[in-house]
1. Could you order the peptides 216-223, 256-263 from most to least packed, using the average number of other C-beta atoms within 10 Å per residue?
2. Where does each of 203, 170 land when they are ranked from fewest to most other beta-carbon atoms within 10 angstrom?
3. Please order 191, 265 by the number of other Cβ within 10 Å, starting at the fewest.
4. Cα to Cα, under 19 Å, and not fewer than 8 places away if on the same chain: which aspartates and glutamates meet these conditions relative to residue 173?
5. Once you sort the root eigenvalues of the Cα gyration tensor of region 210-277 as a ≥ b ≥ c, which label holds: rounded (a/c under 1.5), prolate (a/b larger than b/c) or oblate (the other case)?
6. What FRET efficiency do you get for residue 251 and residue 176 if R0 is 35 Å and r is their Cβ-Cβ distance, rounded to the nearest 0.05?
7. Lys and Arg at +1, Asp and Glu at -1: add these up for the other residues within a Cβ distance under 14 Å of residue 198 and post the number.
8. Once you list every other residue whose beta carbon is under 14 Å from the beta carbon of residue 179, what net charge do they have if Lys and Arg are +1 and Asp and Glu are -1?
Amino acid sequence: MKEVNKRIFPVAASLRTFLSLILIRVVLTAKITAPTPSTQFSPSLSRMEQYWSGSAINKNKGMVENLQSYGIIKSRKVAEVLENIDRGLFVPNGAQPYIDSPMAIGYNATISAPHMHATCLQLLENYLQPGMHALDVGSGTGYLTACFALMVGPNGRAVGVEHIPELVSFSIKNIEKSAAAPLLKDGSLSVHECDGRQGWPEFAPYHAIHVGAAAPEIPQPLIDQLNPGGRMVIPVGNIFQDLKVVDKNSDGSISIRTETSVRYVPLTSKEAQLKGE
Ligand SMILES: C[S@@+](CC[C@H](N)C(=O)[O-])C[C@H]1O[C@@H](n2cnc3c(N)ncnc32)[C@H](O)[C@@H]1O
């Protein structure tokens, strides 16, 4: 019997080692072959996406760090805000919030990609100082409105306008779960259902206006509601679109420049959007 054990033991030990090696290989392979998310709108960021899909605990922080390392986030303030407002709270269940891609949120709308949100926050940073007024047209999930609210603080005003009532409710629920919840409660952050092409005159003039959908031309009411010295960031065009930076000078004149080419859903009527026109 002792002789049998002596012979079986080495066989069992090497079998265990062999099985352990297979297990380690399976785990490693699973990490390496984790699905790479879509690179739509930003092929150059695919390495970041691979990093994000494989990274561990704090994926929102990882997303921000990568946007910093790629030079999209340039300032500490923008990084801080994006770290504090968890993008994971704003996407529909089952979506991957930390990959650099726009995502469907229903009603023929999307949440914009993280690099677009970061780009717009950088362009507007100086116009989102504590106490200033900010308008987010086509506020969708409420993500950027919440970021604006954190930047302008309790003495400022962040206003989201969205024409799909279900998205207005969705955004309010999202904001309630986020770091911007106290600002929603105290009223310095609000979201309203309306045609955003008309702006929201109640809290005008605005130091910062962001438009999250592409307009065929810049709506005049938005120019009128911009404070002298203020800035609007708006995608303009139909099939080919440019992100325009519109500065209202202190004498009320307007300067417009193109930041980059973009692809957004249209700023249109509710009916046309729901028909997918
Ligand atoms: C690309 S999504 C961006 C949403 C938001 N910035 C985000 O990332 O969650 C554009 C949004 O504009 C809204 N929209 C389009 N036309 C609009 C209009 N005339 N008035 C108000 N909202 C509009 C859409 O319903 C959609 O939610």
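1. On the way: 216-223: 15.6, 256-263: 13.2.
Highest mean packing first, the order is 216-223, 256-263.
2. Numbers: 203 17, 170 21.
Least to most surrounded, the residues fall as 203, 170.
3. Values: 191 23, 265 19.
So the residues, fewest neighbours to most, are 265, 191.
4. Partners within reach: 86, 136, 162, 186, 193.
5. Values: a/c = 3.21, a/b = 1.74, b/c = 1.85.
The shape class here is oblate.
6. Values: r = 42 Å, r/R0 = 1.19.
With a Förster radius of 35 Å, E is 0.25.
7. Numbers: positive: 197, 270; negative: 162, 193, 195, 202, 224.
Summing Lys/Arg as +1 and Asp/Glu as -1 gives -3.
8. Working: positive: 61, 87, 177, 185; negative: 80, 83, 86, 176, 186.
Value of the local net charge: -1.
Computed from the coordinates by the stated procedures, all read-outs in this text should not be read as laboratory data. The model shown is predicted, which means the values in this text are computed figures rather than measured ones. Here Cβ is always computed from backbone atoms with ideal geometry, including for glycine, and neighbour counts include all displayed protein chains.
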